[in-house]
Amino acid sequence: MYVQSELILTDEVYYNTLGEQLTIERIKEVLDAQKKYVWIGYVLVPLMIVIQAFLITLCLNVGVILLDWKITFRKMYGMVIKSSIIFLLYKLVIIFVLLMVDLDKVEDMMKADKFSLLSLLGQNSVPKWMYYPFQTVNVFEIIFVVLLGYGISYLKDEVKPKIGFVLSTYGVGLLFWVLFVVFIMINIGI
């Protein structure tokens, strides 16, 4: 977040993005307020990671309970946290790409994501309200599902990865989340 706010999303990028909609004075006010409260974002990131891992573990735990497997919530939560490292790698790759690209507007950030279905199809061929679902389907999400599958099989002392189990538990939870986000986006007019 620090690299993104200091080196990528510079004041110039915000002026280019908001220049047609707001006055220079208003943009300066917005940037000053953003800099004043940037620490909130730094605090929220770890909290959001903990919550996300908890919700993923909850989805997996529903399947574990239904199948009567003897895996504790604590062990699954640890496995989810370890598997989530792939998203850190994803963010690092995106930051690296953004540092290499000449960013003019905030919307240009989407061009850095070369790993999703959205980049494969192209933004122009997809309505804006479908950006999030097509961004969610990406190489790193697939790797995450595979890591979770291997993690569950490790916790069950089995060799075969439980990718089908992960898709039917975490995948369903993710589907509901994506549908919720799309519903919100449509209702706010995106």
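Restricting to helices (runs of 4 or more DSSP H) lying wholly in segment 68-121: which have 3 or more residues that are over 23 Å from Leu55 (Cα atoms)?
85-100, 117-121
Out of (1) part of a helix (DSSP H, G or I); (2) modelled with pLDDT under 90; (3) under 21 Å from Phe73 (Cα atoms), what's the single condition that is false for Glu158?
(1)
For segment 162-190, how many residues are more than 23 Å from Ser116 (Cβ to Cβ) and outside any helix (DSSP H, G or I)?
Residues flagged as more than 23 Å from Ser116 (Cβ to Cβ) and outside any helix (DSSP H, G or I) within segment 162-190 amount to 2.
Those residues that are in contact (Cβ under 8 Å) with a residue 40 or more places away in the chain, touching a Ser or Thr at 6+ places or on another chain (Cβ under 9 Å) and exposed (fewer than 15 other Cβ atoms within 10 Å of the Cβ), I need them from segment 145-180; list them, please.
Scanning segment 145-180 gives no hits.
Can you find even one residue in segment 1-9 that is loosely packed, with under 15 Cβ neighbours inside 10 Å, part of a loop (DSSP other than H, G, I, E, B) and touching a helix residue (DSSP H, G or I) at 6+ places or on another chain (Cβ under 9 Å)?
Within segment 1-9 (the criterion being loosely packed, with under 15 Cβ neighbours inside 10 Å, part of a loop (DSSP other than H, G, I, E, B) and touching a helix residue (DSSP H, G or I) at 6+ places or on another chain (Cβ under 9 Å)), the answer is yes, since at least one residue qualifies.
Of the numbered conditions (1) under 14 Å from the mean Cα position of the chain (by Cα); (2) modelled with pLDDT of 90 or more, Asp113 fails exactly one; give the number of that condition.
If we test Asp113 against (1) under 14 Å from the mean Cα position of the chain (by Cα); (2) modelled with pLDDT of 90 or more, just (2) comes out false.
Note down all Cβ pairs under 8 Å where the first residue falls in segment 1-26 and is within 10 Å of Lys105 (Cβ to Cβ), the second is in a loop (DSSP other than H, G, I, E, B) and of a type in the set (D, E, K, R), and they're at least six residues apart or on different chains.
Val13/Asp104; Val13/Lys105; Asn16/Asp104; Asn16/Lys105; Thr17/Lys105
Tally the residues that are among the basic types (Lys, Arg) and surrounded by 16 or more Cβ atoms within 10 Å (Cβ to Cβ), restricting the search to segment 94-125.
Of the residues in that region, 0 qualify.
So how many residues does segment 142-162 have that are closer than 30 Å to Val97 by Cα and touching a Leu at 6+ places or on another chain (Cβ under 8 Å)?
Qualifying residue count, segment 142-162: 2.
Would you mind telling me which numbered condition in (1) charged (D, E, K, R); (2) more than 30 Å from Glu158 (Cβ to Cβ); (3) without any contact (Cβ under 8 Å) to a residue 24 or more places away in the chain Lys70 fails?
Single failed check for Lys70: (2).
Report yes if some residue within segment 24-37 is modelled with pLDDT of 85 or more, closer than 24 Å to Asn138 by Cβ and either under 20 Å from the mean Cα position of the chain (by Cα) or in a helix (DSSP H, G or I) (or both); otherwise report no.
Checked against the condition, which is being modelled with pLDDT of 85 or more, closer than 24 Å to Asn138 by Cβ and either under 20 Å from the mean Cα position of the chain (by Cα) or in a helix (DSSP H, G or I) (or both), segment 24-37 yields no hits at all.
The values are calculated or read from the model by the stated rules, or taken from the named source; none is laboratory data. It should be emphasised that the depicted structure is a prediction, and the values quoted were computed from it without experimental measurement. As a convention, Cβ positions derive from the backbone with ideal geometry for all residues, glycine included, and neighbour counts pool all protein chains shown.
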